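Read through the structure below, which is laid out as structure tokens, and then see the notes.
Bear in mind that the values in this text are calculations on the coordinates, not laboratory data. As the structure is a prediction and not an experimental result, all values here were calculated from the model. Here the Cβ positions follow ideal geometry from the backbone for every residue, glycine too, while neighbour counts run over all protein chains shown.
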Amino acid sequence: MTVFDRLKKPDKATRLIEKLSHQIDVYVLDLMMPGKGGVAVSRRVLSVRPDAKILFCSGYSYGSLAEDQRPSGGVDLLLKPLSARELLGRIRVILDRKIRETETVDTL
């Protein structure tokens, strides 16, 4: 597993997405990023990799976010503060789901 350190600037994250999207299994994005928000970055991810798995983290409850800051339905969201165990556990769930989806497609 490769972990990319926290990228403080969304433009840097966008360049990394474009360059390495085929190597990234799960994107962990904060909803409230400087400049572009996590939702805007996730839209860019999905334009490059429609099958991408995205985990959002936020210190704000879903209901307190402005409409353009809310991720669309069917996404994973963890509320901060969170422990490393919670984060890794959710990533494991997402990766296991991805494996099951791949196995289902392979059997068709």
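Below, the figures for the structure above:
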{"quantity": "Length added when fully stretched, residue 78-residue 44, from 0.36 nm per residue minus Cα-Cα", "calculated": "10.2 nm"}
{"quantity": "Fewest-first ranking of 53, 12, using other Cβ atoms within 10 Å as the exposure measure", "calculated": "12, 53"}
{"quantity": "Nearby lysines by direct alpha-carbon distance to residue 12 (threshold 18 angstrom, same-chain neighbours under 8 apart not counted)", "calculated": "36"}
{"quantity": "Ranked 27, 60, criterion: other C-beta atoms within 10 Å, fewest first", "calculated": "60, 27"}
